[in-house]
Structure formats: structure tokens, C-alpha cells
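Trainee: This is the structure I want to talk about, given as C-alpha cells.
The values are calculated or read from the model by the stated rules, or taken from the named source; none is laboratory data. As the structure is a computational prediction, the values presented were derived from the model and not from experiment. For neighbour counting, all protein chains shown are included, and Cβ atoms are generated from backbone atoms with ideal geometry for every residue, glycine included. Calculation scope for accessible area: heavy atoms of the full protein, side chains included, ligands and nucleic acids excluded. Shrake-Rupley method; radii C 1.70, N 1.55, O 1.52, S 1.80 Å.
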Amino acid sequence: MRRVAIISYGMTKVDRHWNKSIKDLFSEATLKAINKVNIPKVDAIFVGNMCASDLCDQNNIGTVVADHLGMIPIPSYRIEAACGSGGAAILSGFMAVSSGLFDIVVVGGVEKLTDGVGKKATFSLGKAADFEYELFYGITFASLNALIMRRYMEVYKVPREAFADFAVLMHRNGAKNPYAQLQFEINRETVLKSEDIADPIKLYDCAPIGDGAAVVILCPLEDASRYSDSFVEIAGIGSATDTIDIASREDLLLLKSILIAANNAYKMAKVSPSDIDLAEIHDAFTIDAALSLEALGFSKRGEFDKLLYDGAFEPDGLIPVNLSGGLKSRGHPVGATGVYQIAEITMQLLGEAGKNQLKNAEIGLAQNMAGVASNSYVTILKRCR
Amino acid sequence: MRPIIDVVISGWGSYIPIYRLPVEEVARIWGTSADHIKQELLIYEKSVAGIDEDVATIAVEAAKNSLKRSKINPNELGAVFVGTETKPYAVKPTGTIVAEAIGATPKILAADFEFACKAGTECLQCCIALVGSNMIKYGMAIGADVAEGAPADPLEYSAGSGGTAIIVGSKNYEKEPVALLEGSVSYVTDTPDFWRRPKESYPSHAEAFTGDPAYFRHTISAAKLLMEELGLRPSDFKYAIFHQPNGKFPLKAAKILGFTREQVEHGLIVPYIGNLYSGSSMTGFSAILDIAMPGDRILLVSYGSGAGSDAFSFIVQDGIITKRDNAPKVMDYIKKKRKIDYAIYCKIRGKI
């Protein structure tokens, strides 16, 4: 198996891109990535996307973006794993290069949620859950997470305010990220006084609806220096699934797919959680942040708030979390989110993160998931010198 | 745009139904937060047309009030236009009902206009054109609606009922002009932010798309265009009125353009009666005419989804003083109210 490098990245700002289509967004991010490096060709495109069939009335996204980029006839296809589509695309690109089938691949994600209005977008996103046993009965992702958040607060006696304070931290980070959708700071009251979405979840516990595209370019590690002066290695990657409905789980507060994916990624990269310098985690709702940090091994179960108030997740803390602002502030263009995370970690490791730059970052972790972690992708990147 | 002949406002009048549905009532039914609506949208209650009221009755009441102020003989009217998106009849003009009711028939042009919430000012533009080209002596422009938001839709908190009539005439004929038109512009693009298909009871909207690319783009562009054409700045105006789908949007548009809150707040009526759609900006303008003094310059900017804005600049004249008290003021109607609960709302609006 060949070792795999990321030699470039490109992103659009996450926003309500009213006047741009999925083609425009994906091409913008891809051309940014391609223009940074000196590559002779692209062998294939893997594009993560969840909702285009529902909200943009478009299938066959792989061909759509390849055609728009003028890259026909290379292989190009869509990877769909709900909100984990981006992470799944990264895994697919990794497999393609490490296997030796392709040498240079574009791995991206694109989503245009603002083409869907109201219930249409909510319903489309809800399809990440079990249609027969959850969605059919009117449940939404917010309500699934609300059930879990209430349970978490009851079992671990974690105060409601802790979740609000995590959102505050995310906005503080996102305010300095030019790619973030919500580039402004908030306070605890902003969260607690915001609109009820699904009790106890408030509006500011949720990631916003937005559009965006992110792209990275992969190649064999041994060839990376031919195309770029700076690059990172995908040192570990893991993926796992869990039950599609949350009622079938033995423990509602343990996101097993993250735990398994993370353990596989740590094992492949030969690192442990304490070796990780920074992490981008999947905080679609603030409760997801708590459960993700615990499943990744950064926090003991039920102690998310203790670490939060110890400053562990701050930019100068033990494990800086979501320097991009996370899904909460950077935004969550669902099928692209997993690729945004990889691009953001790459940017940090290459020292190109601007106002959010972390000093001396060597190893970063990205965790992307679908639904309530019904599938998960954990990727560990290492800086190359 | 400027007419060949100077055009003035001769009279104005509004009508707002007595019933009010507080946001607490809508929030109670749907389990939402009334405080959130009040804080975020600056809407406290909305006016609701009674069981025997519709756009025709509202338009007639407003027209009669405008005639009380104008003091012209209705036969001097050469046009009655009604701008609305809630016509009582799909086919049959409301303009004829109003013209007949006020005694202005038969030698008169009558029609209904539709351009979502800017139909009223569209009527005003057309009356200005007819008067300004000397085709008619006086024209009456009415903006009125009995707006409806679908149950549980955010618009249900704000969609109100009411309207305003404005009579414009030639400066050559009008003895006591209320305000002189300095100029106007219209700014229109094909922007589908809000619509209602035939035979549908409630409108659809594209949520956040109704903001920046729709309302703000058009209101701000129209206002800038007008000020550029007239060589004016925000500080040259005493008052500014922007279409009021909620309380937040007009305040934000004003701020972006460089107007102060003081210039806008006197015409901000949406917190108390909701969004009157075609009657919204015109009723805000009516509220300003109720208090303005000779020499005051007023900016009026409408917005209609689909989308477009009309912007007007007026300078208040001496006639406003003698005419003002001849009809009920907007604030009189706002104060004269009877609160209803959601059940009565459903009954009188034919939802049950």
C-alpha cells in the first residue's frame, strides 16, 4: 500500500451562495487547489454530496463537475454517506491512490442547501436517519439530537450552559476564519435566548444552513515533492458504521462508530489521542461536540464540560478544537463538511491558517460523521518536512 | 423619473381594521416563543380584517378618508387604481367597486395592479404619469391588502390588513397641495423570493432568500438611484419610509443607506399592525403625512417580491396643515383596536 499525501487544498467561503450552482462552487474550490500546485494531470475526481438529488434536482454529480471543469473523460463520481459524504470521499481518494490505481486525484465535497426551502431541506437532511422507523414518524435531526442532549444532561449532570459556552468558543474561532459562514462572536445569552428548535436545543446550538465546496488533491507521498514544496501525509484513516436508528443502540451516549474509526486511524498512524495537536470535529449540534470529543478519546465520558472550562479546547489548550469555528460557525455544507475539515487541518499543518494559525502543529485529526454517527470517518494528518 | 407637469399630493387617507391578533396568540398555538418574534422581527400584533371586510371595503374607507382631506369632487378623478395581492375577485376589478362607491364613475379609468407588496406605489407611479402628462386632473392610488400567512408559517405573525389611498393632482389645479413630488424611480429584476400560485390560499416564500438578494438589494438600490438622480443625501430628508415586512428589515435598510433611526421610526407602524403588504409603505407614508410640517422632505421606498422597489421624494407643502385633521390619522386607527384570540381569528378569516 502506497503512502498518500495531500499536496493542495481549495475552499469557497461557506455562505448562502444564491447566485452560484453546485458546478460553480465545486469548480471554484477545485481551481483554487489546482492553481497552487504543478500537477501534469488529474486521474480521477471523487465528490462528496448528500442533497443535490433532493434540493438541486441533480444526480450524476461526478459527471456534472468533471464536465464543468473540462476534465472529461477522467473517472468522476459522487460519494454519498449523508453528512459523512466528505469523509467518505477522502477515504475513497485515499484508497484509490494507496492502491496504485490512480496517482493524482481531486477529492472534494459540494453542497447547495439554500436551493431547498424550509421543510424540503430539513426533510432531505433527515434522510440520513432511518426513514422507516424515524423520519416517517416526523422526527428530524434536531429532535434526535435533542433526545440525546437531554439524556446526556440527566445522566452526567452537565449544565445546559456548558453547551452554550462551547458554541461561544466556536464563534470566537470562526470570527477569525475568512471561510466561515458566521464570522461573528456570540455570548452565552445569545445561545440561551435564541429560538427553540427542539427542546433543549436552541438555534445557536445548531450548525447553520449554507452552501460551499472544498477540495484537496492527493498523490503518492513519494511523488509529492515533485508537485509542491509543502504537503502533509494522510497518516491514518478509519471508518465505521453503527445502527441507522438510535433506538437500537445499547448506549445512547456512546457514538461507537467514532470510537472504532478513531481507534483504527490512531493504530494506522501509530499515535494516541495525546499526540494530536489539533482536531476538527463534527459539531452539527453542540451535543455532538461533547459525544465526539469523548469517543475520540480527548475527554472522559461525561466530563466534556470539565475540559471545556479547563480551557482544553481553546486555541492554546490541551487539544485545540475546531480552530475553523467548526460546523457551528464555519458552517455545515453537509456533503462538503468532511473535506473542509481536511483542508483546514492541512492549512494549519502547512502554517497557512492566518489569524487562527496554531504554532508548531505536527499532527491533526479530522472527524466527520453521518447522522448521529451512523457512520464515521476519522483521518489523521501529519506534517511533512 | 420626473413628470412634465409638477405633480402634488392633494389628499391622503388610510384605514386599518379594528381587530388585532397578538403574536402571543400565534405563538401559543404553535408552541413558539412570542418574545423571540418580538425581539427578532419587532412585531407585537397584527391587524385582522373583520368577517365583513375585504380589500374592497378597506380601499373604499381609505379612499373616502383621502377625499375628506383632498376636498375635491370625486368626478374630478380621472383614475382609481387599487394595488393588492388579495383581490376579492380573481376576475372583476376592485377599482370599479371603489370608483362606484366614492361617486367617481363613469368617466374614469379604473384598474387593479399586482406586484406583491409594491402594487400600491406602482399605482402611484401610474397616477403620477397620467397627471404629469396632463391626461387627467387627479388620480387616486390605493394600496390595500388582507394579507394571509399560512398556519405556522413565520408570515402568520405578521401578515396584516389595511390600506392607504393617495390622491395626486397637477400643481396647476391643486390650490392646497400637501406635498410636491421631486422625482421617483423604479428598480425591478426577476427575483423569485415570494409568490402565490393561482388557487392557492397562502403565499410561498424562499425564507432567507427574501433578505439580501431580494428586499435589501431592491430597496437600497432604488433609494440610492433616486438620491443620485436628485443629488440628495440621507441627511437631506426629514423622514424615510421603507416597506415594512417586519420591523427589522426597514431599520437595517435605513442604517445601510446612512439614515438615522429618528428619520425612520415615525413611519414604522409594522410592530402594531403587521405587514399591510401593498398598503405597508403607503400607510407608513400616511403616518408621516399625519405629522410632517411644510418644508420637510420625505423619502418613500416600497418593495414588492418578484421583485422591485419604487422610490419617491416629496417636499411637504403648506396645504398639509389645513387638510390634516379632516380625516382619522393612522395613529387613531392603531389605537382603536380590539384584541382577538386565535379561534376568533380563524373564524373571521374563514379558516374554520
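Trainee: Among (1) in a loop (DSSP other than H, G, I, E, B); (2) within 14 Å of another protein chain (Cβ to nearest Cβ), there is one condition B:LYS199 misses while meeting the rest; what is its number?
Mentor: Single failed check for B:LYS199: (2).
Trainee: Still on this structure: If you check B:GLU156 against the conditions, is it touching a helix residue (DSSP H, G or I) at 6+ places or on another chain (Cβ under 6 Å), modelled with pLDDT of 95 or more, part of a loop (DSSP other than H, G, I, E, B) and over 21 Å from B:ALA254 (Cβ atoms)? Break it down into steps so the answer makes sense when it comes.
Mentor: Working: touching a helix residue (DSSP H, G or I) at 6+ places or on another chain (Cβ under 6 Å): yes; modelled with pLDDT of 95 or more: yes; part of a loop (DSSP other than H, G, I, E, B): no; over 21 Å from B:ALA254 (Cβ atoms): yes.
Answer is no for this residue.
Trainee: Inspect the stretch A:242-258 for any residue being farther than 22 Å from A:ALA370 by Cα and of a type in the set (A, V, I, L, M, F, W, C) and give the result as yes or no.
Mentor: Going through the stretch A:242-258, the residues farther than 22 Å from A:ALA370 by Cα turn out to be none.
No, every residue in the stretch A:242-258 fails to be farther than 22 Å from A:ALA370 by Cα and of a type in the set (A, V, I, L, M, F, W, C).
Trainee: A further question on this structure: Residues that are open to solvent by less than 10 Å² (accessible area, probe 1.4 Å), at negative phi and touching a residue at least 60 places away in the same chain (Cβ under 8 Å): which helices (runs of 4 or more DSSP H) entirely in the stretch A:262-377 hold 3 or more of them? So that I can check it myself, show each step before the final result.
Mentor: Details: elements: A:286-295, A:304-309, A:326-329, A:334-349.
Fully inside the stretch A:262-377 and qualifying: A:286-295, A:326-329, A:334-349.
Trainee: Only one residue in A:LEU318, A:LEU327, A:LEU323, A:LEU358 is under 24 Å from A:PHE184 (Cα atoms), in the same structural domain as A:PRO159 (by TED's automatic domain parsing), out of contact with any strand residue (DSSP E or B) (no Cβ under 7 Å at 6 or more places or on another chain) and not small (Gly, Ala, Ser), so which one is that? Give the derivation first.
Mentor: Details: A:LEU318 fails: under 24 Å from A:PHE184 (Cα atoms); A:LEU323 fails: out of contact with any strand residue (DSSP E or B) (no Cβ under 7 Å at 6 or more places or on another chain); A:LEU358 fails: out of contact with any strand residue (DSSP E or B) (no Cβ under 7 Å at 6 or more places or on another chain).
Criteria check complete, one pass: A:LEU327.
Trainee: Taking B:ILE269 and the conditions (1) open to solvent by less than 10 Å² (accessible area, probe 1.4 Å); (2) touching a strand residue (DSSP E or B) at 6+ places or on another chain (Cβ under 8 Å), which numbered condition does it fall short on, given that it satisfies the others?
Mentor: Tallying (1) open to solvent by less than 10 Å² (accessible area, probe 1.4 Å); (2) touching a strand residue (DSSP E or B) at 6+ places or on another chain (Cβ under 8 Å), B:ILE269 fails exactly one: (2).
Trainee: Only one of (1) charged (D, E, K, R); (2) over 22 Å from the mean Cα position of the chain (by Cα); (3) open to solvent by less than 30 Å² (accessible area, probe 1.4 Å) fails for B:GLU176. Which number is that?
Mentor: (3)
Trainee: Can you say whether B:ILE136 is open to solvent by less than 30 Å² (accessible area, probe 1.4 Å), of a type outside the set (Gly, Ala, Ser) and under 17 Å from the mean Cα position of the chain (by Cα), as far as the supplied structure shows?
Mentor: Working: open to solvent by less than 30 Å² (accessible area, probe 1.4 Å): yes; of a type outside the set (Gly, Ala, Ser): yes; under 17 Å from the mean Cα position of the chain (by Cα): no.
Spelling it out, it is not the case that B:ILE136 is open to solvent by less than 30 Å² (accessible area, probe 1.4 Å), of a type outside the set (Gly, Ala, Ser) and under 17 Å from the mean Cα position of the chain (by Cα).
Trainee: Now for a different question. Picking from A:ALA88, A:ALA66, A:ALA128, which residue would you name as being modelled with pLDDT under 95 and either crowded, with 24+ Cβ neighbours inside 10 Å or closer than 26 Å to A:GLU233 by Cα (or both)? Break it down stepwise before answering.
Mentor: Details: A:ALA88 fails: modelled with pLDDT under 95; A:ALA66 fails: modelled with pLDDT under 95.
When all the criteria are applied, what remains is A:ALA128.
Trainee: Over 30 Å from B:LYS38 (Cβ atoms) and touching a His at 6+ places or on another chain (Cβ under 8 Å) - does that describe any residue in the stretch B:161-177? Break it down into steps so the answer makes sense when it comes.
Mentor: Applying the first criterion (over 30 Å from B:LYS38 (Cβ atoms)) to the stretch B:161-177 yields B:165-177.
If we keep only those that are touching a His at 6+ places or on another chain (Cβ under 8 Å) too, we end up with none.
No: zero hits.
Trainee: Return a yes/no flag: does the stretch A:132-150 have any residue that is closer than 13 Å to A:ALA370 by Cβ and outside the structural domain of A:PHE285 (by TED's automatic domain parsing).
Mentor: no
Trainee: Sticking with this one: Kindly provide the set of residues from the stretch A:203-226 that are of a type in the set (D, E, K, R) and surrounded by 24 or more Cβ atoms within 10 Å (Cβ to Cβ), ordered by number.
Mentor: Here is the first cut: in the stretch A:203-226, the residues of a type in the set (D, E, K, R) are A:205, A:211, A:222-223, A:226.
Once the filter is applied, which keeps residues that are of a type in the set (D, E, K, R) and surrounded by 24 or more Cβ atoms within 10 Å (Cβ to Cβ), the stretch A:203-226 yields A:ASP205, A:ASP211.
Trainee: Next question, about the same structure. Return only the number of the condition from (1) out of contact with any helix residue (DSSP H, G or I) (no Cβ under 6 Å at 6 or more places or on another chain); (2) under 17 Å from B:ILE315 (Cβ atoms); (3) open to solvent by less than 30 Å² (accessible area, probe 1.4 Å) that B:SER170 does not satisfy.
Mentor: With respect to (1) out of contact with any helix residue (DSSP H, G or I) (no Cβ under 6 Å at 6 or more places or on another chain); (2) under 17 Å from B:ILE315 (Cβ atoms); (3) open to solvent by less than 30 Å² (accessible area, probe 1.4 Å), B:SER170 is out only on (1).
Trainee: Moving on. Here is a check on your reading of the model: is B:GLY319 touching a Lys or Arg at 6+ places or on another chain (Cβ under 9 Å) and on the phi > 0 side of the Ramachandran plot? Lay out the reasoning, then the answer.
Mentor: Working: touching a Lys or Arg at 6+ places or on another chain (Cβ under 9 Å): yes; on the phi > 0 side of the Ramachandran plot: no.
For B:GLY319, the condition - touching a Lys or Arg at 6+ places or on another chain (Cβ under 9 Å) and on the phi > 0 side of the Ramachandran plot - is not met.
Trainee: Taking the stated definitions as given, is B:ALA208 aliphatic (A, V, I, L, M), farther than 30 Å from B:ILE102 by Cβ and more than 18 Å from the chain's Cα centre (by Cα)?
Mentor: Working: aliphatic (A, V, I, L, M): yes; farther than 30 Å from B:ILE102 by Cβ: yes; more than 18 Å from the chain's Cα centre (by Cα): yes.
So B:ALA208 passes the test.
Trainee: Residues being closer than 24 Å to A:VAL37 by Cα and not charged (D, E, K, R): count how many of those fall in the stretch A:320-371. Give the derivation first.
Mentor: Within the stretch A:320-371, the first condition is being closer than 24 Å to A:VAL37 by Cα, and the residues that meet it are A:324, A:336-358, A:360-366.
Cutting the leftovers down to not charged (D, E, K, R) gives us A:324, A:336-343, A:345-351, A:353-354, A:356-358, A:360-361, A:363-366.
Residues flagged as closer than 24 Å to A:VAL37 by Cα and not charged (D, E, K, R) within the stretch A:320-371 amount to 27.
Trainee: For the stretch A:12-45, name all the residues that are within 14 Å of chain B (Cβ to nearest Cβ), over 19 Å from the mean Cα position of the chain (by Cα) and open to solvent by 30 Å² or more (accessible area, probe 1.4 Å).
Mentor: Selection gives A:TRP18, A:ASN19, A:LYS20.
Trainee: Further question on the same structure: With respect to B:VAL91, is the statement that it is out of contact with any helix residue (DSSP H, G or I) (no Cβ under 9 Å at 6 or more places or on another chain) and in contact (Cβ under 8 Å) with a residue 24 or more places away in the chain true? Spell out the reasoning first.
Mentor: Numbers: out of contact with any helix residue (DSSP H, G or I) (no Cβ under 9 Å at 6 or more places or on another chain): yes; in contact (Cβ under 8 Å) with a residue 24 or more places away in the chain: no.
So B:VAL91 fails the test.
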